[in-house]
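A short worksheet on the structure shown next.
Derivation of every value follows stated rules applied to the coordinates shown; laboratory data play no part. Please read all numbers here as calculations on a predicted model, not as lab measurements. Neighbour counts are summed over all protein chains in view; Cβ atoms, including those assigned to glycine, are modelled from backbone coordinates with ideal geometry.
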Amino acid sequence: MTSQQKTGTAGETAAADYLERQGLTVLERNFRVRGGELDLICRAGDVIVFVEVRLRNHKGYGGAAASITVTKQHRLILAAQHWLTRRHQHDAPCRFDCVVIDDGHLEWIRDAFTAD
């Protein structure tokens, strides 16, 4: 595992721990399908929450939130559709959140984008 992968894994673990302290239940980590990956899949009450975790040690390229482009959002939506289909959760309410970590500061962005 490269140092970048270790850093990413540590960021995902920090995000999962934080979300669990906020009352969410982590259902799955690193769900992969062709064309996309979901870092964390959580449950908040009856809502399925797909969470993208982004980590930046400097803001030279606009910070972690700026790295979640429209193309990245489409890939996340595709992966979420696959997850929902495989779990027979077609009608489950869901949302897309982001946890961004800039220079060690963690921020949880609820409803960061929609699938519309």
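Please report, largest first and rounded to whole Å, the three semi-axes of the ellipsoid equivalent to segment 1-41, where each semi-axis is the square root of five times an eigenvalue of the C-alpha gyration tensor. Mind showing how you got there, number by number?
On the way: eigenvalues 74, 48, 6 Å².
Semi-axes, largest first: 19, 16, 5 Å.
Roughly what angle does helix 70-86 make with the longest principal axis of the chain, taking Cα atoms, 0 to 90 degrees, to the nearest 10? Result, in degrees: 40.
With the simple spin-label model, which puts each label point 7 Å out from Cα in the Cβ direction, the GLN81 to ALA115 separation comes to 0.9 nm. Residues LEU78, LEU55, ranked from the fewest to the most other C-beta atoms within 10 Å, line up as LEU78, LEU55. Other residues with beta-carbon under 9 Å from the beta-carbon of LEU55 carry, at +1 per Lys or Arg and -1 per Asp or Glu, a net charge of 0. Mean separation of Cα pairs under 8 Å and 6 or more residues apart, divided by the residue count, gives the chain a relative contact order of 24 percent.
Computed over the chain, the Cα gyration tensor eigenvalues convert (square root of 5λ each) into semi-axes of 22, 16, 14 Å, ordered from largest to smallest. Here the extension length gained between ALA10 and HIS90 equals 25.7 nm, from 0.36 nm per residue of separation less the Cα-Cα distance. Packing here is the average count of other Cβ atoms within 10 Å per residue, and on that basis the peptides 13-20, 104-111, highest first, run 13-20, 104-111. Annotation note: trypsin sites (Lys or Arg not before Pro) in segment 3-107 located in DSSP loop regions with a Cβ neighbour count of at most 10 within 10 Å are ARG34.
Of all the options PHE31, PHE50, PHE96, the one that moves most in a Gaussian network model of the chain with Cα springs shorter than 10 angstrom is PHE31. Apply 1/(1 + (r/R0)^6) to the Cβ-Cβ distance of GLU37 and GLU107, taking R0 = 22 Å, and write down the FRET efficiency to the nearest 0.05. It comes out at approximately 0.55. Axis of helix 3-21 versus longest Cα principal axis of the chain: the two differ by about 60°, to the nearest ten degrees. For VAL47, VAL100, the sequence from fewest to most other C-beta atoms within 10 Å is VAL47, VAL100. Taking the Cα centre of segment 1-106 as origin and assigning +1 to Lys and Arg Cβ atoms and -1 to Asp and Glu Cβ atoms, the resulting dipole is close to 320 debye.
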